[in-house]
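Data block below; observations after.
The values are calculated or read from the model by the stated rules, or taken from the named source; none is laboratory data. A quick note: this is a predicted structure, and the numbers were derived from the prediction, not measured. Cβ sites come from the backbone with ideal geometry, for glycine too, and all protein chains shown count toward neighbours. Protein only, heavy atoms only, side chains kept; ligands, DNA and RNA dropped before computing areas. Shrake-Rupley method; radii C 1.70, N 1.55, O 1.52, S 1.80 Å.
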Amino acid sequence: QPNAMGGREVGGMASLLAVHKDLNNPVHRQEVANFWGVNEISPEPGLSATEMFEALESGEMKAVWIICTNPMVSLPNSKKIEKAMKNAKFVVVQDISHKADTVEYADLVLPAAGWLEKEGTMTNSERRISYLNKGINPPGEARPDVEILCDFARRMGFRGFNFNNTEEIYEEYCAMTKGTNIDISFLNYDRLKSEGTFQWPVPEYRHTGTARLFADNKFYTPTQKAIFNIPAQIANTSEKTSKEFPLILTTGRVRDQWHT
């Protein structure tokens, strides 16, 4: 299960940069470029998950590397996803299970370590950061995701991936948050291990975390006032029933089927 909250904070979406920086903002792009020691960052967003499979189906995109998700089950229109996977020139699937449905379409399978088999942090939906310690060794050839990714990046000749462990990656991220709305520059592994979980921001020495945002009534807007977007009218655009199609089918996701 990918960590959605933490993924957004580190820029894990095609339209985002790390530490909640906006890809469409040239100032934000330059700030991230300066931090990483590169000249510039492309203003063009990458493809979203659904757009990727449309591009694979059309042939615009040739290869895909799928980590920590099972699109043959979790994405809508499975026939379309299947067609896209078959049309791809090269498919890499990185997963903890060889039985994941998407593995069937992989040219290369990378066995990944599960949550108890690696070290790292997780942020839940109330901004609470937890340290996750490694409890057991991964089986066989399985390796932690960050180890696989850094090894691959180094072999590709990319600079900036010479981390010795996950703590060094976390420390770089903490430094990048300094001065931002999600500042955790004073929340290191030692504090997480010894004092427990923290809610960001943690922007000062011995800061105990922030249980509630905007308690001072100042918001992240130019005027510091809250902005409410209230639609004038909400119309139900769902397809209507008919004599030919008289039934409405609904689906509810539960914990154990999300991303399978």
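Below are the figures for this structure:
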quantity	calculated
Every residue from segment 191-208 that is touching a His at 6+ places or on another chain (Cβ under 9 Å) and either in a loop (DSSP other than H, G, I, E, B) or basic (Lys, Arg) (or both)	Pro201
Within segment 17-48, tally of residues that are touching a helix residue (DSSP H, G or I) at 6+ places or on another chain (Cβ under 7 Å) and either within 20 Å of Phe161 (Cα to Cα) or acidic (Asp, Glu) (or both)	9
Spans of helices (runs of 4 or more DSSP H) in segment 1-67 with at least 2 residues without any contact (Cβ under 8 Å) to a residue 24 or more places away in the chain, more than 23 Å from Ile129 (Cα to Cα) and open to solvent by less than 60 Å² (accessible area, probe 1.4 Å)	26-36
Filtered residue count, segment 142-168, keeping only those that are part of a helix (DSSP H, G or I) and open to solvent by less than 50 Å² (accessible area, probe 1.4 Å)	6
Candidates Ala215, Ala175, Ala235, Ala211, filtered to the one that is small (Gly, Ala, Ser), at pLDDT 95 or above and assigned to a loop (DSSP other than H, G, I, E, B)	Ala211
Every residue from segment 15-52 that is out of contact with any strand residue (DSSP E or B) (no Cβ under 7 Å at 6 or more places or on another chain), at pLDDT 90 or above and among the aliphatic types (A, V, I, L, M)	Leu16, Leu17, Ala18, Val19, Val27, Val32, Ala33, Val38, Ile41, Leu47
Selection from segment 149-161 of residues that are under 20 Å from the mean Cα position of the chain (by Cα), among the hydrophobic types (A, V, I, L, M, F, W, C) and over 18 Å from Thr121 (Cβ atoms)	Phe152, Ala153, Phe161
Listing of strands (runs of 3 or more DSSP E) fully contained in segment 90-141 that carry 2 or more residues being modelled with pLDDT of 95 or more, open to solvent by less than 60 Å² (accessible area, probe 1.4 Å) and under 30 Å from Met61 (Cα atoms)	90-95, 108-111
Whichever residue in segment 120-137 is within 14 Å of Leu192 (Cβ to Cβ) and among the β-branched types (Val, Ile, Thr) and, among such residues, is nearest to the chain's Cα centre (by Cα)	Thr123
Sole exception among (1) in contact with a strand residue (DSSP E or B) (Cβ under 9 Å, 6 or more places away or on another chain); (2) touching a residue at least 60 places away in the same chain (Cβ under 8 Å) for Leu132, by number	(2)
All positions within segment 197-208 that are without any contact (Cβ under 8 Å) to a residue 60 or more places away in the chain and either under 20 Å from Thr166 (Cα atoms) or open to solvent by less than 30 Å² (accessible area, probe 1.4 Å) (or both)	Pro201, Val202
